[in-house]
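Chemist: One structure, pasted below without further comment.
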Amino acid sequence: MEPGVLQNMRVLGFTPYEAKAYHTLVKYGEMTARELSSISGIPYSKAYEVLSRLQEKGFVEVQKARPFKAVAPRDALERYGEHLLRELEEEHRQQLRSLEERFKARVEAVNQALRSLRGRLQTLYEGRGALEASEEVIWTIKGRENILCQIKSLINESSHIEMILPSILLNDLYDALKGARGEVIVDVGDERLRRLRGITLYRMEETPFKCLILIADERNTIFTSESLETAFKSSNPGLVTILKHFFRHEREEAKPL
């Protein structure tokens, strides 16, 4: 059998015997089932079954005296290819419908779970009162998205912020700063900063080290490196005081923007 014929016919859904039978008829012309078996190596007991399937697929013609003849490959392949592609398109549509239904069901389940948990757990969180951990605790936050979420939340919940903001984090926090009020020290003169109406801006040509410091309402703080691998959050009065002094020292060294 010519190289690639068997492999390509298998791709189209033919069995090895069907591929051998059709190839033999194409190459040698019409013949009986016994002759086909002898030339192709297909067991004689399987020959009629194989030829019958090829006939159903439109690749073989049968004459009255029962010799078998190959339909011209161009015609057979064109007709069969159209049929096969229609089947594939229909299968694709069905799979898409099924996938879309599963996706919608999953999205609805996730949204329902989020709504339920958000209400129940937030109520517990806000009602813990005296069970709140000591303000002496310094919380560790891991992961970029978690850290950004905590920073944005603290900005949104505060009436006044003091912040040292590395330029590399400006894109991540710009939207949160739009509604904020306070003072921010930056190391870049990005034009967008001038649109932050509630923020008094200061610029330092060089910062002593690349970090973000956020002090909210002089009570809560988050500080982290610009890589956002690990952050620390606390309402410890001593730590807040130290960071306030550091911020104000840096502000004195900076220039109004």
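Chemist: Which links in LYS142/LYS178; LYS142/LYS210; LYS46/LYS69; LYS104/LYS152; LYS20/LYS69; LYS142/LYS233 stretch past 22 Å when you go from one Cα to the other?
Modeler: Beyond 22 Å: LYS142/LYS178; LYS104/LYS152.
Chemist: Pop out the ³J(HN,Hα) list for segment 219-224 in order, Karplus 6.51 cos²θ - 1.76 cosθ + 1.60 with θ = phi - 60°, rounded to Hz; leave Gly and Pro as x.
Modeler: For segment 219-224, the Karplus curve yields 10, 10, 8, 10, 9, 7 Hz.
Chemist: Still on this structure: Given the chain, what percent of its DSSP beta bridges are antiparallel, to the nearest 5?
Modeler: 70 percent
Chemist: If you don't mind, another one. Each label point is 7 Å from the Cα along the Cα-to-Cβ direction; what then is the distance between the points at LEU117 and GLU56, in nm?
Modeler: It is 5.1 nm.
Chemist: Sticking with the crude label model, points 7 Å out along Cα→Cβ, report the distance from PHE232 to HIS160 in nm, one decimal please.
Modeler: According to this spin-label approximation, the distance is 2.5 nm.
Chemist: Turning to a different aspect of this structure: Rounded to whole Hz and in sequence order, give me ³J(HN,Hα) for segment 169-186 from the Karplus expression 6.51 cos²θ - 1.76 cosθ + 1.60, θ = phi - 60°, writing x for Gly and Pro.
Modeler: After applying 6.51 cos²θ - 1.76 cosθ + 1.60, I find 9, 4, 4, 5, 10, 4, 4, 5, 6, 4, x, 8, 10, x, 10, 9, 9, 10 Hz.
Chemist: Which angle between 0 and 90 degrees, to the nearest 10, do you get for helix 237-253 versus the longest principal axis of the chain when only C-alpha atoms count?
Modeler: Once rounded, the angle reads 90 degrees.
Chemist: Give me the distance in nm between label points sitting 7 Å out from Cα along the Cα-to-Cβ direction at MET1 and VAL188, one decimal.
Modeler: Reported label-point gap for MET1 and VAL188 is 6.2 nm.
Chemist: Apply the Karplus curve 6.51 cos²θ - 1.76 cosθ + 1.60, θ = phi - 60°, to the phi angles in segment 11-21 and return the couplings in whole Hz, x for Gly and Pro.
Modeler: Computed from phi, the couplings for segment 11-21 are 4, 7, x, 8, 7, x, 5, 5, 4, 5, 5 Hz.
Chemist: Stretch ALA105-VAL11 to full length: gain in nm at 0.36 nm per residue minus the Cα-Cα span?
Modeler: 30.4 nm
Chemist: I've got another one for you. Helix 144-157 versus the longest principal axis of the chain: what is the Cα-based angle in degrees, 0 to 90, to the nearest 10?
Modeler: 40 degrees
Chemist: On a 0 to 90 degree scale, rounded to 10, what angle separates helix 44-56 from the longest Cα axis of the chain?
Modeler: 70 degrees
Chemist: I'd like the antiparallel share, as a percent to the nearest 5, of DSSP beta bridges with both residues in segment 139-256.
Modeler: 65 percent
Chemist: Using a/c under 1.5 as the rounded threshold, could you call segment 5-71 rounded, prolate or oblate? The axes a ≥ b ≥ c are square roots of the C-alpha gyration tensor eigenvalues, and prolate needs a/b larger than b/c, oblate otherwise.
Modeler: Verdict is prolate for segment 5-71.
Chemist: Only one of the listed values, (i) 25.8; (ii) 18.0; (iii) 28.5, was derived from the coordinates as mean projected area of the Cα convex hull in nm²; which label is it?
Modeler: Correct label, based on the coordinates given: (i).
All of the numbers you see were taken from the coordinates with simple rules; none came from a lab. From a predicted model like this one, the values you see are computed outputs, not experimental measurements. Every residue, glycine as well, gets a Cβ built from its backbone with ideal geometry; the counts of neighbours run over all protein chains shown.
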